[in-house]
Structures are given as C-alpha cells and as structure tokens.
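Asker: I have a structure here, written as structure tokens, and I will follow up with some questions on it.
Nothing in this text is a laboratory measurement; each read-out follows from the coordinates by a stated rule. These numbers come from a predicted model, not from an experiment. Neighbour counts run over all protein chains shown; Cβ positions are idealised from the backbone, glycine included.
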Amino acid sequence: MPPILPSQAIDAVAFLRGRLGDALIATCLYGSFVDGGLRPGSDLDLLCALRRPLSDDERATVMAGLLARSAPPGHATLRPLEVTCVVLADMAPWRHPARRELQFGEWLRDGLQAGDVPHAVPDPDLALLLAQARAKGIALHGPAPAALLPEVPARDVRAAIVAMLPDVARNLAGEELHALLTLARMWVTLRSGDIVPKDAAATRVDAWLPEAHRPALAHARAIYLGQRPGDWTGWAPRVAACARFMAGAALRESAAS
C-alpha cells in the first residue's frame, strides 16, 4: 500500500461507512492513483461492494454526501470523485452486462442539485471498471478487490468498450480531453488487451495515427499532464477528425479479433 493515500478518498470512505454501515462490504481505490499517478485533471475513483441494494433514502443521502465531498475539475483543494457501488450478489457469479447499483460523478452535479437521483441500471462499462479495480485496486476498507470481485472475461471487457465507444466519439463539445484520451485507451485495449493510463495510451497511439491527427491527441495529453491550459478554441475540426479516426480504427480492431 502506498505510504500516503488521498485524504479526500479517506474522507469519502468514512462518510460511506458511517451512512451505509454493514451494507458496505468493501471500498477500493483504483484508476489514476494506482495506475501511473494522479495528474492535474485526474478523478479519484472508488468502487464500493454492497451486501444489498440501497433504499431510495440511502441513495439520495449518499449522492448528497459525495456531492459535498467532490468538486469539478480545477478546484483549488478537491478533485472530482467518481464512486461506483455494486451489489456483490449482482457481480458473482459474473454476468454481462452487470447491474450498477449507484454511480456518482461530477457530470451528474447539475441533475443532483435539482433532485434527480439516478436509479440502478445494467451497465456494460462495469466489465472494464471491475477489471481495472481487480487488477490494481487498493482496499481502503474490507477485503482486497482481487479476493472479493469476480474475474471478468476479456471478451466482456472488449464488448464493454465496443458498447461505449460510439457515445464517446459523438460527445465531443466540452468533452474534448475526456473523449480523445478515452478513445486512445479503448484503441490500445482492443488492439493489445492492455489497460493503460490515459497519457500512456496517448503516447502509444501517437505512433499509430496519421500525421494530420496527431496534434489533437498531443494537445489533449499535454492538458491532462498540466503542460498546457485547457483551451480548445479553434480545435473543433481537428478534434472531430481525430476522434472519428480513432473510433473507426478501434472498431476495426474489435471486428478483426
């Protein structure tokens, strides 16, 4: 275990344990912190395993408490939290797509503040998320993720990426950084099976891109690493072209496998 864990993650876990009690089996920290280190724009990613589904009151209280402990990118002291809760019985034995009990993220802030609390839904993305958490996650409470979570077949990880890819490639306005780096990660995983940090994926994909599409991805990588300000003024045509190329290439990798 690293010597210093993010105090914001520790605070979020303390809140979840206090609110959910015995319903919370385990919480792990995964994502950028354990896979290459936090970057200026990195979220703190938490996965919670539950004994049972949440009541409506628990769901609303958890969302409100996480909202108070998270902040949009660029905040002086807090990072965005991304917290996913799953009921262990919905995971094991493994099935795809599995059911997501709850997910908090900054993209939900406006809706949550308006009183819109999402319900549990089947989520193809859980295959990729669980594979990441199981491989490198750090237990903050309860058993280690590798001992608790089911193994996810590689075919389901690939299926999850293919299911998510079109939406990522379409939603570019205001999401340029996320879209380009996520598409790079998807392409790397579909091509090699590796799940790598966003900046590492961008570096690897640079060698696969035509020259015309490299500047947009390089710009995204530099912003992610804090080397450039997050300004996308005038980049829209190049972002769209790069995203289309990476999405098409990634889908071809999937079809060929």
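Asker: Cysteines without a disulfide-compatible partner in the chain, using Cβ under 4.7 Å as the rule?
Answerer: 28, 242
Asker: Where does the chain land at 222 nm, in deg cm²/dmol rounded to the nearest 500, when only DSSP H runs of n ≥ 4 count, each adding -39500 (n - 2.57), divided by all residues?
Answerer: On the way: 11 runs with 127 residues, N = 257.
Only helices count here, giving -15000 deg cm²/dmol.
Asker: About the Cα centre of the chain, what is the dipole size in debye to 20, counting +1 per Lys and Arg Cβ and -1 per Asp and Glu Cβ, all else neutral?
Answerer: 500
Asker: Here's another thing I want to ask about it. Quick check: net charge around residue 214, other residues with Cβ under 14 Å of its Cβ, Lys/Arg +1 and Asp/Glu -1?
Answerer: Working: positive: 204, 221, 238; negative: 206, 211.
Residues near residue 214 contribute +1 overall.
Asker: Out of residues 5 or more away from residue 87 or on other chains, whose amide H comes under 5 Å of its own, with H placed 1.01 Å from N in the peptide plane?
Answerer: 50, 101
Asker: Provide the FRET efficiency to the nearest 0.05 for the residue 5-residue 225 pair, computing r from the beta carbons and using R0 = 22 Å.
Answerer: For residue 5 and residue 225, the calculated efficiency is 0.50.
Asker: Calculate the spin-label point distance for residue 94 paired with residue 256, positioning each point 7 Å from the Cα along the beta-carbon direction, and give it in nanometres.
Answerer: Reported label-point gap for residue 256 and residue 94 is 2.6 nm.
Asker: Across the range 25-34, in residue order, what do the Karplus-derived ³J(HN,Hα) couplings come to in whole Hz, using 6.51 cos²θ - 1.76 cosθ + 1.60 with θ = phi - 60° and x for Gly and Pro?
Answerer: So the J values, rounded to whole Hz, are 7, 7, 9, 10, 9, 9, x, 4, 4, 9.
Asker: Given labels modelled 7 Å from the Cα in the Cβ direction, how far is it in nm from residue 121 to residue 38?
Answerer: Reported label-point gap for residue 121 and residue 38 is 2.9 nm.
Asker: Starting with the highest mean, order 86-97, 193-204 by the number of other Cβ atoms within 10 Å, averaged over the residues of each peptide.
Answerer: Answer by packing, highest mean first, reads 193-204, 86-97.
Asker: Gain in length, residue 200 to residue 147, computed as 0.36 nm per residue apart minus the alpha-carbon separation, to one decimal in nm?
Answerer: Details: separation 53, 0.36 × 53 = 19.08 nm, distance 2.76 nm.
Contour length minus the Cα-Cα distance gives 16.3 nm.
Asker: Could I ask something else about it? How far, in degrees from 0 to 90, does helix 154-170 lean away from the longest principal axis of the Cα atoms of the chain, to the nearest 10?
Answerer: 70
Asker: Now for a different question. If you add up the charges near residue 249, with Lys and Arg at +1 and Asp and Glu at -1, over every other residue whose beta carbon is less than 14 angstrom from its beta carbon, what do you get? Before the final figure, lay out each step's value.
Answerer: Values: positive: 185, 191, 204, 214, 244, 252; negative: 206, 253.
Charge balance near residue 249 sits at +4.
Asker: What is the antiparallel percent of DSSP beta bridges lying wholly in the range 6-91, to the nearest 5?
Answerer: Numbers: 6 of 13 bridges.
Rounded to the nearest five, the antiparallel share is 45 percent.
Asker: Counting only DSSP beta bridges with both residues in the chain, what percent are antiparallel, rounded to the nearest 5?
Answerer: Values: 15 of 22 bridges.
Expressed as a percentage, antiparallel bridges in the chain total about 70.
Asker: Nearest 5 is fine: what % of DSSP beta bridges in the range 1-154 come out antiparallel, could you say?
Answerer: Counting DSSP beta bridges with both partners in the range 1-154, the antiparallel share is about 70 percent.
Asker: For the residues 109, 238, what sequence is obtained by ranking on other C-beta atoms within 10 Å, fewest first? Write out the running numbers ahead of the final one.
Answerer: Numbers: 109 15, 238 18.
Going from least to most buried by this count: 109, 238.
Asker: Using a Förster radius of 30 Å, what is the FRET efficiency between residue 57 and residue 155 based on their Cβ-Cβ separation? Nearest 0.05, please.
Answerer: Computed FRET efficiency for residue 57 and residue 155: 0.20.
Asker: In nm, to one decimal, how far is the modelled label at residue 164 from the one at residue 212, with both set 7 Å along Cα→Cβ?
Answerer: Inter-label distance under the simple model: 2.9 nm.
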